[in-house]
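Just below is one structure, and these are the notes that go with it.
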Amino acid sequence: MGKISGYANDSTPNLGDKLIGTDVDNLNATKNFTVGQIVSLANANLTATQVLNGVSYATQAPSALDTPLIVSFGAAQGSTSTPVELDAFGKVTFNESGLYFINGFGSVERQGSSGGVSVLLFRARLNGIQVSATKGFHLDTPNLDIPYEVTIPFQATAGDIFWFEIMRDSSGVNQGGLYGHTVLGGWSNVPSSQIQIWKFN
């Protein structure tokens, strides 16, 4: 067989393109496989396992204008032997490299007196650096609950630390935060915040 070398790279493969491979179930016969077959095989064997579910019902309100507050998600959980671990302050440490989905939820609300507009900001940080666009909420009415949810696909490296922050911006009044609510109709209570993380294998 001739040696394959020196061909130009094609940066735009399509699903019908063919690859040369070895069929180990057929006496190591050399065969062609399409890119589409490889993609289908990979998708069929991709699984996601939930590795973290943190929930808080506590009120989370910044102490002052322009003062960030790390969003907490309940008690610490996990350890250095689990894929991720959560500390009691809301920071997530990734102990295993890999592809993850992070889903964060906050129950955004303004409580207290009316008057003026509160500007509440929300962002995600990785190793101290902002990794998403700043999200903003203009709250001019007390006791109007706004559920906010964001999902982030994330390629983690072991040792990465991730967290969410909220802040009351000084362009508005000093009100607003994350608030939980007690439910009387038999359902579970509404949390002030929740984080769920899945790891893809």
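The values are calculated or read from the model by the stated rules, or taken from the named source; none is laboratory data. Remember, it's a predicted structure, so these values are computed and weren't measured experimentally. A quick note on method: Cβ atoms are made from the backbone with ideal geometry, for glycine too, and the neighbour counts reach across all protein chains shown.
I'd like the residue in the stretch 59-95 that is hydroxyl-bearing (Ser, Thr, Tyr) and assigned to a loop (DSSP other than H, G, I, E, B) and, out of all such residues, is nearest to GLN175 (Cα to Cα). So the residue we want is SER63.
Residues checked against (1) farther than 30 Å from ASN189 by Cβ; (2) of a type in the set (Phe, Trp, Tyr); (3) at pLDDT below 95:
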position: ALA8; (1), (2), (3): yes, no, yes
position: LEU27; (1), (2), (3): yes, no, yes
position: PHE33; (1), (2), (3): yes, yes, yes
position: GLN37; (1), (2), (3): yes, no, yes
position: GLY54; (1), (2), (3): no, no, no
position: GLY98; (1), (2), (3): yes, no, no
position: VAL108; (1), (2), (3): no, no, no
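Scan the stretch 134-185 for residues that are assigned to a strand (DSSP E or B), among the charged types (D, E, K, R) and touching a residue at least 24 places away in the same chain (Cβ under 8 Å) and jot them down. If the condition is that a residue be assigned to a strand (DSSP E or B), among the charged types (D, E, K, R) and touching a residue at least 24 places away in the same chain (Cβ under 8 Å), then GLU149, GLU165, ARG168 are the ones that fit. If you go through the stretch 148-178 and keep only what is buried (at least 18 other Cβ atoms within 10 Å of the Cβ), of a type in the set (Gly, Ala, Ser) and over 12 Å from LEU121 (Cα atoms), you end up with just ALA156. Take PHE122 and tell me if it is assigned to a strand (DSSP E or B) and either free of Cβ contacts under 8 Å to residues at least 12 places away in the same chain or farther than 21 Å from SER63 by Cβ (or both). Criteria not met by PHE122. At pLDDT 95 or above and part of a strand (DSSP E or B): does that describe ILE102? Yes; evaluated as a whole, the condition is true for this residue. For PHE162, indicate whether it is in contact with a Phe, Trp or Tyr (Cβ under 8 Å, 6 or more places away or on another chain) and modelled with pLDDT of 95 or more. Yes. Taken as a whole, the structure places THR151 among residues that are polar (S, T, N, Q), within 22 Å of GLN130 (Cα to Cα) and at pLDDT below 95. Within the stretch 105-147, can you find the residues that are closer than 28 Å to ALA48 by Cβ and crowded, with 16+ Cβ neighbours inside 10 Å? Once the filter is applied, which keeps residues that are closer than 28 Å to ALA48 by Cβ and crowded, with 16+ Cβ neighbours inside 10 Å, the stretch 105-147 yields PHE105, GLY106, SER107, VAL108, PHE122, ARG123, ALA124, ARG125, LEU126. Got at least one residue in the stretch 105-114 being within 21 Å of MET167 (Cβ to Cβ), within 13 Å of the chain's Cα centre (by Cα) and assigned to a strand (DSSP E or B)? Taking every residue of the stretch 105-114 in turn, at least one turns out to be within 21 Å of MET167 (Cβ to Cβ), within 13 Å of the chain's Cα centre (by Cα) and assigned to a strand (DSSP E or B).
Of the residues that make up the stretch 114-137, is at least one more than 19 Å from ASP66 (Cα to Cα) and in contact with a Pro (Cβ under 6 Å, 6 or more places away or on another chain)? Yes, some residue in the stretch 114-137 is more than 19 Å from ASP66 (Cα to Cα) and in contact with a Pro (Cβ under 6 Å, 6 or more places away or on another chain).
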